[in-house]
2 protein chains.
Amino acid sequence: MLRTWFQTLPTRGKSSIYASYRILRLRRLNFIQSYLPQYRLVSTQNTKPAEKKSRVFYALLALGGAVAGFALYEHKYKLFNVKFNEINTTSELNSEVNDEKPSWHTKPRPDLPTYKTIDVQNHSTIENRVWVTYGVGVYDITEFIAKHPGGEKIMLGAGSAIDPFWAIYQQHNNKEILTLLELYRIGNLSPEDEVSTNDMGSPWANEPKRHPILKPASIRPFNAEPPLKLLGEHFFTPNEFFYIRNHLPVPILDIKDYELEIAIETTKSGTAEQVKSFTFNDIKRMPKYTVTAAIMCGGNRRSEMTTVKSVKGLSWNAGAVGNATWSGVRLRDVLLEMGVKPNENLHVVLEGADLDPTSHPYGASIPLSKAMDERGDVLLAYEMNDQPLSRDHGFPLRCIVPGTVGARNVKWLSRIAVSESESSSHWQQNDYKVFSPSTDWDTVDFSKAHAIQAMPVTSAICTPAEGEEVKIPVNGCLTVQGYAWSGGGRRILRVDLTIDQGKTWHVAALDQEDLPDGRHYAWSLWTARIPIDKITAQEIEIWAKAVDSAYNVQPETVANIWNLRGVLANAYHRIKVKIIQ
Amino acid sequence: MLRTWFQTLPTRGKSSIYASYRILRLRRLNFIQSYLPQYRLVSTQNTKPAEKKSRVFYALLALGGAVAGFALYEHKYKLFNVKFNEINTTSELNSEVNDEKPSWHTKPRPDLPTYKTIDVQNHSTIENRVWVTYGVGVYDITEFIAKHPGGEKIMLGAGSAIDPFWAIYQQHNNKEILTLLELYRIGNLSPEDEVSTNDMGSPWANEPKRHPILKPASIRPFNAEPPLKLLGEHFFTPNEFFYIRNHLPVPILDIKDYELEIAIETTKSGTAEQVKSFTFNDIKRMPKYTVTAAIMCGGNRRSEMTTVKSVKGLSWNAGAVGNATWSGVRLRDVLLEMGVKPNENLHVVLEGADLDPTSHPYGASIPLSKAMDERGDVLLAYEMNDQPLSRDHGFPLRCIVPGTVGARNVKWLSRIAVSESESSSHWQQNDYKVFSPSTDWDTVDFSKAHAIQAMPVTSAICTPAEGEEVKIPVNGCLTVQGYAWSGGGRRILRVDLTIDQGKTWHVAALDQEDLPDGRHYAWSLWTARIPIDKITAQEIEIWAKAVDSAYNVQPETVANIWNLRGVLANAYHRIKVKIIQ
């Protein structure tokens, strides 16, 4: 029936349909190609100058055809009665709303060139054109950006894969949007690109697959944070967006062979020196306990400190933090069962199964008083947001030390020791310490500073983004949204915002758990609505400052808390945005 | 001499002085009236229309005169050499703080009508207008009620005399508040209804003797601090120099009759509701426990906040803090013995024996979790630096809540209750809370803020003093000395100093106890030696900032932490000194 209808069309109609077909790649219509081989587009490779003119002609023809064809396709859809769901590959995403979902993005298109991830990454700004990938498709979406109903958010995927976004924002997974997307297709993603180098035999050979939305601060070890806008949207950070902070290659652990060794190394603990081994099942059999806790990297917001003077460390933005529920057994319960009594001069040394090239494990320690404190909520956790820990987050067992710097929340736990000394590891002794702004590498003495444990109060603006253009009517309000957190279980009491350098402060509304102070380990999300009048400058700077339950407040500038490792950059968070009225 | 000088003045000068005299009512200058009867103001009663014009003229004259006269009075103070303290009715008020106190309320104003007590009683609600009397003045304070820093308490005096209240809350007896009150004056109290305010039998008749080195911020109640230089010299502040912060008259307690009532008001405490009485000997028989703890007033350094914008509260310098050893019994031990179990949703309500005019005691509360925490070190203390508590410091028993704002360290303990609610006292609910810098008296809602418990990190320079001239040889060192402290048992890790606005920071040497973090309740004294070279400006500004064990740091300026009650002024401490080389 369709073929008959097609043959009745004039040549111009046929060419439009063909061009649409080229773009839409409706498999069921592939007979068109056999009918109209003369419309095949020339290859972009090895194009001779003489061919350029005809290439332009064909391109224009294709464009017009695409428009006409698309209109026709939309209009005649029911007539065509193509069962798109038959084309779908098996996908866990295909809920009932996806029954009619086309799947062009899952197949390479032989008529288009092949690109590598690096090519896509090189197109992440309007100036250089904005490319994205979805499945194996490569798309130039530059012209679409202004029309995106979700606004600037589309730029989160610029130069990378949009699959993770669409996995969350499933409203994209419908016929209309997939069809629209295919209009912007310019190529195919190179199949071998996913494994870019030969990792066979290297310690990095078995790194887990990461969510492409995470922006790496380093690849090996893998360290990455989610975009701030996304981070600020979820009180419980989805596991796949949770920042990853690895110091070494991710170890491969089999739950059947897994053993956790717990050693009592001093009788000052109130019990005999001893070593005990726990299988994963031993752990799972103990009472399960759940706590909500934000974990933050000591280097979160380090990139701001670099603006004062260079520092050594990964250049984190404000996304090296996440908030989750953690479930497991209480370290307190395990130690009490072994006979340990509180002693505030002792330490709990934690070791991971991740090894450095000299086979030394990652290590850290916390005071025994934190571990033994009933309100300290230190866990040996095996679940994160009700899911088993992923490999990147410490499978099968991770120490969760609520209110304490991320570095002490040791992953892939292999050994715990109650000891008279702190961990001797590099990360406890010569890293994660803070010095005066006038201490530099020629004068620093790491043995003179205290290892970071509880974190200071901080906050960050997640929306709008730095440099964003925000449309606000005269006498309308600018909505600002972000997170705030303090260490040591201190609840956030207030977040103040200003757009006039502190002349006026606006108090944000808080979204937080109602837990007692001293045990408030979750972060708080906050939203403020700031009135924008006519006289507001076109570019404004927004400052955010949080106050915790000890009424500690963020320092005003990073300059006066600068330190050579660039840690604890908790000054007011400041971003500039353009107001369009 | 004064009369001679007065007579040499031109008429215009005389009239100005006269008008000032009318307003300031300096008794010793009452000869002026006899010299210049022609300036006597006309009565407002039975004023004939023809006299109105001249009344306006005289009023304007009086106004201008008041201004000129006051300036002259300020300027010529030493020339006049008037012994103002002789004018004071009560000799105990003879400190310089009250020298300029006006006394309009002690004189009838002939321009205003006379009312009887019954008239005043008929105005005790907002609907009928709220009148009060003070001395012989009748005032309509309806418009002021919403602005009263003490909140709803002002309504206790509605329709009656406020003299007994102000006898207790003597912070009202200053020039600023008396001037404000006079603005609301509407009449005079009929002479036979006057309230007597003589000290005989007054609550202030038995105040203890204080060390003259203490500088009073107010006399009634007595609030005073030692000079900073002296304060910084002793790791353990000598008892007689320890700042005094009283909210009410000091009660007279006899150790033989003394009883402490402890009430369990909820079965959520893990035990039955009950009330138990303890004599002083009962307390002394329990195990004695000693802890070093600094206590700091929430208003310490308030005077710095006033430089930004006026605040309501006693004008403390940086001396409203002291460090001492405290001995007594652990509140935890007492509560455990009564069967109380930890419950972090409960509170411990503390009441003193000091009473307000309505016989309500001073009160405050702390979380039960702080009281029950073995590391919280909350004491019912009877000794301060190995001496029995003095009357000003809470004899015979005071609650010591280490790491917590002074206001919760309730003195003259009379009652302790384990309760489901915080203390309902004014000082817990409507005072000692912090708001955003843009919250003022017209927008404040005390129920929305959390009562201060643990204090934020702070420091102060004790030596040199503000404005001091310091002799230092070229290429010598400036020695700077002071204290630093943080609440919640957080140890001070570092104190940094700068004399070049933060370009260079000098790390101070710390003198502190070696106690574990989380239980480090004593302050730290510190000393820094800052090199002074030839090019240092003659006047330098020294900044001090401290860092605590959660790496919280002081905020840079008071402007951005300003709050209407002027509490927790913990910005960098900044002083200017002159260097003489």
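The table for this structure:
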| read-out | value |
| --- | --- |
| Residue list for the range A:528-567, restricted to those being open to solvent by 10 Å² or more (accessible area, probe 1.4 Å), in contact with a Ser or Thr (Cβ under 8 Å, 6 or more places away or on another chain) and at the interface with another protein chain (Cβ under 10 Å from one of its Cβ atoms) | A:543, A:549, A:556 |
| The range A:319-341, residues that are open to solvent by 10 Å² or more (accessible area, probe 1.4 Å) and within 33 Å of the chain's Cα centre (by Cα) | A:325, A:330, A:332 |
| Yes/no for residue B:503 being more than 27 Å from residue A:486 (Cα to Cα), more than 27 Å from the chain's Cα centre (by Cα) and touching a residue at least 60 places away in the same chain (Cβ under 8 Å) | no |
| Matching entry among B:351, B:304 (being more than 26 Å from residue B:378 (Cβ to Cβ) and modelled with pLDDT of 95 or more) | B:304 |
| Answer residue from the range A:474-487, given it is buried (at least 24 other Cβ atoms within 10 Å of the Cβ) and either hydroxyl-bearing (Ser, Thr, Tyr) or assigned to a strand (DSSP E or B) (or both) and is nearest to the other protein chains (Cβ to nearest Cβ) among those | A:486 |
| Test: residue in the range B:358-369 that is open to solvent by 10 Å² or more (accessible area, probe 1.4 Å), under 21 Å from residue B:298 (Cβ atoms) and at pLDDT below 95 | yes |
| Near pairs, Cβ below 8 angstrom, 6+ apart or cross-chain, from the range B:268-286 (touching a residue at least 12 places away in the same chain (Cβ under 8 Å)) to any residue that is open to solvent by 30 Å² or more (accessible area, probe 1.4 Å) and of a type in the set (S, T, N, Q) | B:268/B:343; B:268/B:345; B:269/B:343; B:270/B:343 |
| Filter result for residue B:518 (within 26 Å of residue B:366 (Cα to Cα), open to solvent by 20 Å² or more (accessible area, probe 1.4 Å) and not acidic (Asp, Glu)) | yes |
| Selected residue (criterion: least open to solvent (accessible area, probe 1.4 Å)) from residues of the range B:236-251 that are modelled with pLDDT of 95 or more and farther than 16 Å from residue B:218 by Cα | B:237 |
| Yes/no for residue B:283 being touching a Leu at 6+ places or on another chain (Cβ under 9 Å) and under 25 Å from residue B:371 (Cβ atoms) | yes |
| Matching residues in the range B:285-318 - criterion: being open to solvent by 10 Å² or more (accessible area, probe 1.4 Å) and more than 30 Å from residue A:504 (Cα to Cα) | B:285, B:286, B:287, B:288, B:289, B:290, B:291, B:292 |
| So residue B:441, is it at pLDDT below 95 and of a type in the set (Phe, Trp, Tyr) | yes |
| Unmet criterion (only one of (1) farther than 23 Å from residue B:107 by Cβ; (2) out of contact with any Phe, Trp or Tyr (no Cβ under 9 Å at 6 or more places or on another chain); (3) in contact (Cβ under 8 Å) with a residue 24 or more places away in the chain; (4) in a loop (DSSP other than H, G, I, E, B)) for residue B:209 | (3) |
| Conditions (1) at pLDDT 95 or above; (2) touching a Leu at 6+ places or on another chain (Cβ under 6 Å); number of the one not met by residue A:472 | (1) |
| Residue B:295 being assigned to a strand (DSSP E or B) and at pLDDT 95 or above | yes |
| Every residue from the range A:571-581 that is more than 13 Å from residue B:561 (Cα to Cα), open to solvent by less than 10 Å² (accessible area, probe 1.4 Å) and in a loop (DSSP other than H, G, I, E, B) | A:571 |
| Matching residues, the range A:341-369, being under 24 Å from residue A:487 (Cβ atoms) and aliphatic (A, V, I, L, M) | A:346, A:348, A:349, A:350, A:364, A:366, A:368 |
| Subset of the range A:429-473 (residues that are within 14 Å of chain B (Cβ to nearest Cβ), open to solvent by less than 30 Å² (accessible area, probe 1.4 Å) and of a type in the set (D, E, K, R)) | A:433 |
| The range A:497-523 - residue that is touching a Leu at 6+ places or on another chain (Cβ under 7 Å) and part of a strand (DSSP E or B) and, of those, farthest from the other protein chains (Cβ to nearest Cβ) | A:511 |
| Residue that is part of a strand (DSSP E or B), surrounded by 22 or more Cβ atoms within 10 Å (Cβ to Cβ) and in contact with a Ser or Thr (Cβ under 8 Å, 6 or more places away or on another chain), where the choices are B:494, B:490 | B:494 |
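Yes/no matrix, rows are residues, columns are (1) open to solvent by less than 50 Å² (accessible area, probe 1.4 Å); (2) not basic (Lys, Arg):
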| position | (1), (2) |
| --- | --- |
| B:234 | no, yes |
| B:264 | yes, yes |
| B:268 | no, no |
| B:281 | no, yes |
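The values are calculated or read from the model by the stated rules, or taken from the named source; none is laboratory data. Since the structure is predicted, the reported quantities are computational estimates derived from the model, not experimental observations. Every residue, glycine among them, receives a Cβ derived from its backbone with ideal geometry; neighbour counts consider all protein chains shown. Accessible surface is based on the protein model in full, side chains and every heavy atom, while ligands, DNA and RNA are left aside. Shrake-Rupley method; radii C 1.70, N 1.55, O 1.52, S 1.80 Å.
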